[in-house]
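Chemist: This is the structure, below, for whatever I ask next.
The values are calculated or read from the model by the stated rules, or taken from the named source; none is laboratory data. In this text the structure is predicted, and so the values were computed from the model without any measurement. All Cβ positions, glycine included, derive from the backbone under ideal geometry; neighbour counts span all protein chains shown. SASA here: full protein model, heavy atoms, side chains in, ligands and nucleic acids out. Shrake-Rupley method; radii C 1.70, N 1.55, O 1.52, S 1.80 Å.
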Amino acid sequence: MFSKIKNSLNVLLAFTLLFLSSFKEISLNTATLERIELKVVVANQSVITKFKTLSQAIEASRNFDASSQKEIRISEGFYYLSNTISLGPRDEGLTITGDNNSKTTLYGGQIIDSWKKQVGQFWVADLPKIKGQDWFFRTLIVDGKYAPRARFPEKGALEHNTKFNGKWMSTAQGGWKDKPTHKELTQINFKNGDITPDFETANAEITVLHHWDETLVGVQEVNFKDNILTTSIETGHPIGAFNSSEYIIWNTSRGMTKPGQWYIDKEKHQLVYWPLKNQNMNDVQVVIPTLKNVFKITDTKHIVIKNLSIQAANTAMKVGSFGAKLFDGAISLRNSNQCTFENLKISGVSGWGLKLFGENLTVEDCEIHNVGAGGIYIIGSNALIKNNYIHHVGKVYFSTIALYAGVTDPNVKEEWNFGKNKTNVVLSNNIIHDAPYVGIGIGVSNSVIEYNKISRVMQELADGSGIYATFCKNLTLKGNYVNELVSGKHGKVHAYYLDELSNNSTVEDNISEGVSSPFLTHMTSGNTIKNNIFMTKGPMTIRFLKSKESKFQNNLLISDTSFTLYRDNDIKVLENNIFDVPLGQVYESPSKNYSHIKTKLNLIDNNKIENSGFVFNGKKINTNKSSNLGEWIWNGMKTFNIEFESNKLLEN
């Protein structure tokens, strides 16, 4: 009896505190300004209280412990945050939601106004001085949309003359054999005419490409006598490494080539913008990022964030490492578990959409696009990443991975030590397109990557793929579809790629279309590749490099030109594969240096050449005349939950 009375008194006290905080809020504001409500249910009793600011609502919710049902609902509208929304142990069990139509937008930045017309097409506005912040931002929101930064050249890249001949050992072996010098990491030998005497040293930022990586740097000085540009910080790899000689210049007036672009005049502390046609600068809404994170969640659990749009968040200039992994997210989570992120729309942020380190996390039905880094980066066990739409990412950092799970570099101790033993991540039914590097990257053992569609990735860098795995084992890649990957200047673009120490994994029931190198495995063992359909116009190659105990069976390989298998170790099982290629054009070759020495592949163990097309789901298909064939098959697999064996698809 006493216990029941005590519980009732606790409920009454909690509601009294909530009422008092509400009274204080109402005394300062009219009811029409109170657009944020807190609903709390305790012992089957509920109360709804309204607040003017999200921080007030969060503070009031802390009067209730985790056993309460606590939900903060934010009304439709635009909210400009002056501080990051920080959630911790006292916020366990809290849900923060917008309206169901996701028309509640939180900005990690502020509006810029008082625009002045300059001579020509440009308008300028003074930038605020943000105490303790790096205001030299890299993304801009104009009328709710991402605006492209000034870039030179407009397309492609410049080429420098810097050479570096150091030996790369491998990531597992620690990277460079000899540590690069400061000079090798900071000096670019540029070509005549690429950088001119009117170069805006204070404004410029440079993206230095490193084949499968890049570094964004500022400029310390330019020596026109020797054609040497010295960067403001050291690059992640030596300049000129991997025979990569490309770089891009950002944030200068020379890069303003079309309406809608902008740059910062750092010396004048002004934002310069070229309006779009019919865009009235007296009415336009321009938002600059001022916060590093919109949400920062630490040391808690059972947090739910849903039904929100999030825009504007900044990043500092630093080396981001492989996959741009060291940049933070608009939503940043550390050491927090059982949290859910649902129906979020994130765009126009300089780093990641979501960067999450915790256990039992779920990200579902989110759209992330036009962000500086990738969409989702997660490290933790038992995560579910499902039904997300990630596109047009890597706007600032080209090496980003659109959807990234786990750790892939033992040399980055900050993340490797946290994530090296994580397990069991499911990446399912995500759609990814238009990215400069890898679509899905994973470094988590015992994980499943299934039924994802990946298109038009690998647009800027090389030596990557639609789906990439490394430093993990016992993976299942099943039912995925990768298409529209075009081999870049360096030629190393693949649909599916098992890299260093991705062992004992299964790649089955996947499709690639229009990818000349549908599969590569490198420094692995014990992998099985079966029941896949790989098709392309032009020559097709599959590579087994420094890999052992591999099985390649029951695959259908379609090319209108030829097929070549590169291998330098015997494949343990090579059987029951169908080569739908012109008669006699099936070869094998030593993989070392991608040798051009070819011999006819010995077709034993029921491997055979067919040219008759095939039947799928009752329909006869002519492989030489059908367009978007792979997508049609993939959609059929998903719709009818078809488990197929590729060599049974052929016409009997």
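Chemist: So what is the relative contact order for the range 205-250, in percent, with contacts set as C-alpha pairs under 8 Å and at least six apart? Intermediate results must be reported in sequence, preceding the final value.
Modeler: Working: 75 pairs, mean separation 21.2, N = 46.
It rounds to 46 percent for the range 205-250.
Chemist: To the nearest 0.05, what FRET efficiency results for residue 143 and residue 334 with a Förster distance of 41 Å applied to their C-beta separation? Mind dumping the intermediate values first?
Modeler: Values: r = 34 Å, r/R0 = 0.82.
E(calc), rounded to 0.05, equals 0.75.
Chemist: Could I ask something else about it? So what J values fall out for the range 332-348 if you push phi through Karplus, 6.51 cos²θ - 1.76 cosθ + 1.60 with θ = phi - 60°, rounded to Hz, Gly and Pro as x?
Modeler: Using θ = phi - 60°, the values come out as 10, 10, 9, 6, 9, 10, 6, 10, 10, 10, 9, 6, 9, 10, 10, 7, x Hz.
Chemist: Give me the distance in nm between label points sitting 7 Å out from Cα along the Cα-to-Cβ direction at residue 183 and residue 568, one decimal.
Modeler: Once both label points are built, they end up 3.3 nm from each other.
Chemist: Give the lysines reachable from residue 39 as a straight Cα distance under 25 Å; neighbours fewer than 8 places away on the same chain don't count.
Modeler: Filter leaves 4, 6, 24, 50, 52, 70, 103, 296, 301, 306, 345.
Chemist: What spacing in nm lies between the two simple spin-label points modelled at residue 551 and residue 359, each 7 Å away from Cα in the Cβ direction?
Modeler: Using points 7 Å along Cα→Cβ, the separation is 3.3 nm.
Chemist: For the range 47-133, what is the charge dipole size about the Cα centre, in debye to the nearest 20, if Lys and Arg each add +1 at the Cβ and Asp and Glu each add -1 at the Cβ?
Modeler: Values: 11 positive and 9 negative charges, 70 e Å.
Charge dipole of the range 47-133: 340 debye, to the nearest 20.
Chemist: Just to check I understand the Karplus step: with θ = phi - 60° and J = 6.51 cos²θ - 1.76 cosθ + 1.60, what whole-Hz values come out for the range 310-319, glycine and proline as x?
Modeler: Running phi through 6.51 cos²θ - 1.76 cosθ + 1.60 with θ = phi - 60° gives 10, 9, 6, 7, 10, 10, 8, 7, 6, 6 Hz.
Chemist: Here is a further query. Write down the accessible area per residue of the chain in Å², having rolled a 1.4 Å probe over the full set of protein chains.
Modeler: Details: 27270 Å² over 652 residues.
With the other protein chains kept in place, the chain gives 42 Å² per residue.
Chemist: Past the 29 Å Cα-Cα mark, which pairs from 163/598; 551/600; 386/608; 355/537; 473/608; 420/546? Numbers along the way, then the final one.
Modeler: On the way: 163/598 32 Å; 551/600 20 Å; 386/608 38 Å; 355/537 38 Å; 473/608 31 Å; 420/546 23 Å.
As for pairs spanning more than 29 Å Cα to Cα, those are 163/598; 386/608; 355/537; 473/608.
Chemist: Now, a different point. Could you give each residue of the range 553-567 its phi-based ³J(HN,Hα) in whole Hz, using Karplus coefficients 6.51, -1.76, 1.60 with θ = phi - 60°, and x for Gly or Pro?
Modeler: After applying 6.51 cos²θ - 1.76 cosθ + 1.60, I find 8, 6, 9, 10, 10, 10, 8, 8, 10, 6, 10, 10, 9, 9, 7 Hz.
Chemist: State the answer as a single residue: which of 333, 144, 192 lies farthest towards the positive end of the charge dipole of the chain, with beta carbon charges of +1 for Lys and Arg and -1 for Asp and Glu, about the Cα centre.
Modeler: Ranked along the dipole, the leading option is 333.
Chemist: Which is farthest toward the positive dipole end of the chain among 521, 78, 502, measuring Cα position about the Cα centre, with Cβ charges +1 (Lys, Arg) and -1 (Asp, Glu)?
Modeler: Going by the Cα projections, it comes out as 78.
Chemist: Please state the charge dipole magnitude for the range 374-443, taken about the Cα centre, from unit charges on C-beta atoms (+1 on K and R, -1 on D and E), reported in debye and rounded to the nearest 20. Present the calculation step by step, with values, prior to reporting the outcome.
Modeler: Numbers: 5 positive and 4 negative charges, 26 e Å.
The dipole magnitude comes to about 120 debye.
Chemist: Now for a different question. In nanometres, what is the gap between the two model label sites at residue 224 and residue 279, each 7 Å from Cα along Cα-to-Cβ?
Modeler: Placing both labels 7 Å beyond Cα along the Cβ direction yields 3.2 nm.
Chemist: Follow-up. Taking the Cα of residue 172, stepping 7 Å toward and past its beta carbon, and measuring to each backbone N in the range 544-562: which are under 16 Å?
Modeler: Residues passing the 16 Å test: 544-550.
Chemist: Relative contact order for the chain: what percent, with Cα pairs under 8 Å and sequence separation of 6 or more? Let's see the in-between values first.
Modeler: Details: 1867 pairs, mean separation 51.0, N = 652.
Contact order relative to length: 8 percent.
Chemist: Then there is this: Determine which lysines satisfy two conditions relative to residue 117: a Cα distance under 29 Å, and not lying fewer than 8 residues away in the same chain.
Modeler: Reachable lysines: 129, 131, 145, 155, 258, 266, 268, 277, 395.
Chemist: Helix 629-640 versus the longest principal axis of the chain: what is the Cα-based angle in degrees, 0 to 90, to the nearest 10?
Modeler: Roughly 60 degrees between the two axes.
Chemist: Just to confirm my numbers, what's the Cα centroid distance between the range 542-559 and the range 247-297 in Å?
Modeler: The two parts, judged by their Cα centres, are 48 Å apart.
Chemist: Counting each DSSP H run of 4 or more residues in the chain as -39500 (n - 2.57), what helix-only mean residue ellipticity at 222 nm follows after dividing by all residues, to the nearest 500 deg cm²/dmol? Spell out each step's value before the answer.
Modeler: On the way: 4 runs with 54 residues, N = 652.
Mean residue ellipticity at 222 nm (helix-derived): -2500 deg cm²/dmol.
Chemist: Then there's this: Counting alpha carbon pairs within less than 8 Å and at least 6 residues apart, what relative contact order, in whole percent, applies to the range 329-416?
Modeler: Dividing the mean separation by the residue count of the range 329-416 yields 25 percent.
Chemist: State to the nearest 20 debye the size of the charge dipole of the chain about its Cα centre, where the only charges are +1 on K and R beta carbons and -1 on D and E beta carbons.
Modeler: Taking the Cα centre of the chain as origin, the dipole is about 480 debye.
Chemist: Now a separate question. Using 1/(1 + (r/R0)^6) with R0 = 45 angstrom and r between the beta carbons of residue 129 and residue 429, what's the FRET efficiency to the nearest 0.05? Write down the numbers at each step before the final one.
Modeler: Values: r = 46 Å, r/R0 = 1.02.
Working from the Cβ atoms, E equals 0.45.
Chemist: Based on the Cβ-Cβ distance from residue 575 to residue 159, what FRET efficiency comes out when R0 is 45 Å, to the nearest 0.05? If you can, show how the numbers build up before the last one.
Modeler: Numbers: r = 46 Å, r/R0 = 1.03.
The value I calculate is 0.45.
Chemist: Using the Cα centre of the chain as origin and beta-carbon charges of +1 (Lys, Arg) and -1 (Asp, Glu), tell me which of 253, 305, 53 is placed farthest towards the positive end of the dipole.
Modeler: Selected residue: 53.
Chemist: Tell me which aspartates and glutamates have Cα within less than 14 Å of residue 167's Cα, excluding those fewer than 8 residues away on the same chain?
Modeler: Straight-line reach from residue 167, under 14 Å: 178, 184.
Chemist: If you don't mind, another one. Going by alpha carbons, how many degrees (0 to 90, nearest 10) lie between the helix axis of 2-28 and the longest principal axis of the chain?
Modeler: Once rounded, one gets 80 degrees.
Chemist: Sticking with this one: For the chain, what proportion of DSSP beta bridges, expressed in % and rounded to the nearest 5, is antiparallel?
Modeler: Details: 59 of 189 bridges.
Given both bridge residues lie in the chain, the antiparallel proportion sits at roughly 30 percent.
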